[in-house]
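Below is one structure; the comments refer to it alone.
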Amino acid sequence: MALRKLIAGNWKMHGQSSDLEEIAAIAAASRQFENVDIALCVPAILIERASRAVPDLAIGGQDVHHAEKGAHTGCISADMLLDAGAALTIVGHSERRDAQRESDAEVKAKAEAALRCGLSAILCVGESLALREQGAAVSTVLAQLDGSLPDRPASDAELAVAYEPVWAIGTGKIPTTAEIGEMHAAIRECLLSRYGDQGQSVRILYGGSVKASNAAEIFTVPDVDGALVGGASLRAADFLPIVAAAAAAQPRAA
């Protein structure tokens with residue numbers, strides 16, 4: 001079975017009502033790429049409106065709380081995301097691991113909460129430039145992954161892993177294809193060790209300064225099953241060439 005590539009946009013803290021037109025433009029242009037799964041993870045205030053405006057495009061959240069409900073001011077549960085129309089959520093993004101000091105255990109609990117409710121989850125891992133320069137990139141990412149992965153992938157929802165080197169996010173710098181390949185191969189080995197044959201079906205995305213000019217080359221790397229795209233996902237003109245590159249890439253057998 002050929003595994004479809006997944007291209008997910010992460011709008012971060014960008015987007016207001018006026019940007020619903022851009023989301024609609026992305027959805028309309030995306031319909032031509034029938035062999036690629038496409039999603040936009042937008043600010044919480046836009047999830048319901050976006051999902052109503054473009055019901056054929058997967059809309060997601062950028063975080064989720066691990067609890068079903070309770071005294072957690074400002075937080076959003078998996079059920080709330082589903083109720084708003086979300087189909088997926090990001091967990092463990094480096095910006096939250098750093099700024100909100102999220103631990104691997106917290107990220108794992110969030111991923112399990114999302115999957116348990118039927119939301120797909122994109123679980124992020126990545127290393128700093130200092131750790132890469134010390135030769136500890138792979139060991140750091142695998143330790144994050146080992147501590148963050150759900151005990152088992154849910155049967156009614158999908159888990160993906162996004163490798164995002166922290167030093168490449170928004171900087172225009174990216175690892176070499178050899179470095180990406182080394183990391184994705186190590187992540188795949190970890191997934192197979194944890195989940196057995198099911199680990200082949202977990203898509204591994206690359207994230208960090210993905211853009212139209214480098215997407216095609218990135219998608220030639222083995223075990224790159226798509227991308228988590230930041231700034232380039234805010235405009236259809238920047239995002240769609242990345243989707244097109246994924247559509248033209250060779251699919252991986254799961």
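No lab work stands behind these numbers, since they all come straight from the coordinates. Keep in mind that what you see is a predicted model, and the values were worked out from it rather than measured. Don't worry about glycine lacking a Cβ; one is built from the backbone with ideal geometry, like all the others, and counts go over all protein chains shown.
Miscellaneous remarks
- Counted charge near Val141, where neighbours are those whose Cβ lies closer than 11 Å (Asp, Glu -1; Lys, Arg +1): -3
- The spacing between the range 16-83 and the range 201-238, judged by their C-alpha centroids, is 19 Å.
- Highest average packing first - 168-175, 71-78, 214-221, Cβ atoms within 10 Å: 214-221, 168-175, 71-78
- Structure-derived percent of Cα pairs over 30 Å apart: which label, when the choices are (i) 19; (ii) 27; (iii) 24: (i)
- Considering the range 105-237, its Cα convex hull presents a mean projected area of 8.2 nm².
- Packing-based ranking, highest mean first, of 206-213, 35-42 given that Cβ atoms within 10 Å are counted: 35-42, 206-213
- Ranked from largest, the principal axis spans of the Cα set of the range 1-81 equal 44, 37, 19 Å.
- The range 19-146: radius of gyration over Cα atoms, expressed as a fraction of 2.2 N^0.38 Å: 1.17
- Entries in Lys69/Lys108; Lys69/Lys110; Lys110/Lys173; Lys110/Lys211; Lys12/Lys211 that, when Cα-Cα distance is taken, lie over 24 Å: Lys110/Lys173; Lys110/Lys211
- Once C-alpha pairs closer than 8 Å and six or more residues apart are averaged by separation and normalised to the residue number of the chain, the relative contact order reads 23 percent.
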